[in-house]
1. Just grab the label-to-label distance for SER139 and GLU125, each label 7 Å out from Cα along the Cβ direction, in nm (one decimal).
2. Based on the Cβ-Cβ distance of ASP59 and ALA15, what FRET efficiency does E = 1/(1 + (r/R0)^6) give at R0 = 22 Å, to the nearest 0.05?
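Derivation of every value follows stated rules applied to the coordinates shown; laboratory data play no part. All of these numbers come straight from a predicted model, not from anything done at the bench. Cβ placement follows ideal geometry from the backbone for every residue including glycine, while neighbour counts extend to all protein chains displayed.
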Amino acid sequence: MAAAVVGARFCTPRALRLTLTMNLTRGGTVTDDDASGAVVLRMEVPRFLRFFGRFVLADDDVAGGRPLVSVQRKAKAFSGLYGEWEAFRGDGHGGGELLFTAKKSTIVQVRTQMDIFLASNRAKEVCDFRIKCTFYEGSAEIYLGNSNTVIAQIRRHRTVLGKSRFSVTVFPNVDYVFIMALVVMLNEIHVERLK
């Protein structure tokens, strides 16, 4: 099973154990727990765009970090009651290429469940991926479409001094940048609920 959304080069033949540590006002890092603990991605929070819920994941192997994907809350006027999110290739400036949209499966939810639709899925009748959360309990799983095939698992750790930390297991041949973009989105949804 291959699930490349941002790019095939972000799919590895082995499962990845990653840690996302972030401060929503300053950004964060994604480190590889199995290897040397090296930083593999950086999360940037453009100051003037923080209010609008935009976050950028950047490659760490290039000086200055090349923007890979930006995640942002869809304008409320267009998202309705479902709280939609969008992800674009690059930093999202200039209306970059849409990669996917995410929205709650139903308006009223006890546990967060979101449907993810790739840009190529214009009909949006059947989701390409689904997230099922018990985020207040601290965990989530990402599934391939409406199947029972888990492609990633997320564990939220207690927030300490404004820093959030997540342990993420990305299954083999799944785009880890795509998964980390979903983790950033889920955290923002959680933070919004607490307001």
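1. Distance between the two pseudo-spin positions: 3.5 nm.
2. E(calc), rounded to 0.05, equals 0.60.
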